[in-house]
Amino acid sequence: MGADGTYNSVMASPIQIDPEVMHGVPCFAGTRVPVKALFDLLARARTIDYFLLQFPTVKREQVVDVLAMAGERLPVLASEPAA
């Protein structure tokens, strides 16, 4: 996060986990918006633009970075044996 509390992809992760913010629920950095809210809306066939209208404190760059992180993690999850 930048010195002004805003997200900067060069400096930080798009996700912040802080016990003082939303009881440690993973949120978009610099906001109180849970990352799960993005995936919940996408699962309901909502667009990224719709999400950004609902949560104006989240920047498009953060959404793109979170989706990229998820895309990188999916092959790993798919290769793990089921519990």
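Bear in mind these aren't lab numbers, they're just calculated from the coordinates by the rules spelled out. Just so we're clear, the structure is a prediction, and the values are computed from it rather than from any experiment. Don't worry about glycine lacking a Cβ; one is built from the backbone with ideal geometry, like all the others, and counts go over all protein chains shown.
For a quick check: sort Leu74, Leu67 by the number of other beta carbons within 10 angstrom, fewest at the front.
Leu74, Leu67
State the Kirkwood hydrodynamic radius of region 15-79 in Å, one decimal place, computed from all pairs of distinct Cα atoms.
Computed over region 15-79, the radius equals 12.4 Å.
How charged is the neighbourhood of Val66? Take every other residue with its Cβ under 14 Å from the Cβ of Val66, and add Lys/Arg as +1 and Asp/Glu as -1.
Here the charged neighbours net out to 0.
At 7 Å along the Cα-to-beta-carbon direction for both Asp18 and Glu80, put a label point, then send me their distance in nm to one decimal.
The modelled label-to-label distance comes out at 2.7 nm.
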